[in-house]
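Undergrad: Below is a structure I'd like to ask you about.
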Amino acid sequence: MKKLLLSLLFTPLLSQAQFNSGIHCGYDFTTYLVVDVKNEATKEPIRGLKISVVNHNLKEVVNTANIYSYINANMPLVFTENYKIDDKRWYFPYAEQTYLLSLSNTFNAEDFKLKIEDIDAETNGGFFEIQYIDLYNYNMYVLCSSENEKAVQFGRKVQNAPIEVYLKKK
């Protein structure tokens, strides 16, 4: 009887705690870096690039034991090209013809750089110059509204805009 009374007392409290914690979204605990790379001369998107995260010594960063991303454990942090699922929908709906990388929301972007290199001369008609880009925490996409409310209070505001890069041919 005592257990029944205790359960009747605590059940409403527990259910109230569930409602007050907020609804979680599918992107909780993750963030994205999105890079929009264009040809400086034509302003057209460039396909067939390798974009990777490097440290300040310009060495590729490896996702050891999923410390930086919840996917691709023990692999270098390399971007993938966004692609269309059908005629209208993109795989990552928040960015169209871009490169993207899924990261944990604890990733400190300011400790790293991007390395952008052209590895596909046939697709691009000639190699583009390698470019290094500094990263900042405001470059990260905040996708859940609860996280957006907690985002940077001072300094540059999080905008969920891709990092725009223009490459020159060698």
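Undergrad: Which ³J(HN,Hα) values, rounded to whole Hz and listed in residue order, are derived for region 51-60 from phi using the Karplus coefficients 6.51, -1.76 and 1.60 in 6.51 cos²θ - 1.76 cosθ + 1.60 with θ = phi - 60°, glycine and proline given as x?
TA: After applying 6.51 cos²θ - 1.76 cosθ + 1.60, I find 10, 10, 8, 10, 7, 6, 8, 6, 9, 4 Hz.
Undergrad: To continue, here is another question. Using 1/(1 + (r/R0)^6) with R0 = 22 angstrom and r between the beta carbons of Ala65 and Phe92, what's the FRET efficiency to the nearest 0.05?
TA: 0.30
Undergrad: Rounded to the nearest 0.05, what FRET efficiency do Asn39 and Asp111 give with R0 = 35 Å and r taken as the Cβ-Cβ distance? Could you check?
TA: Approximately 0.75, to the nearest 0.05.
Undergrad: Related question: Count neighbours as other Cβ atoms within 10 Å of each site's Cβ, and list the trypsin sites (Lys or Arg not before Pro) in region 22-121 that are DSSP loop with at most 13 such neighbours.
TA: Answer by residue number: Lys43, Arg47, Lys59, Lys88, Arg89.
Laboratory data are not the source of any read-out in this text; all were calculated from the coordinates shown. The shown structure was predicted, so the numbers you read here are calculated from the model rather than taken from an experiment. Here Cβ is always computed from backbone atoms with ideal geometry, including for glycine, and neighbour counts include all displayed protein chains.
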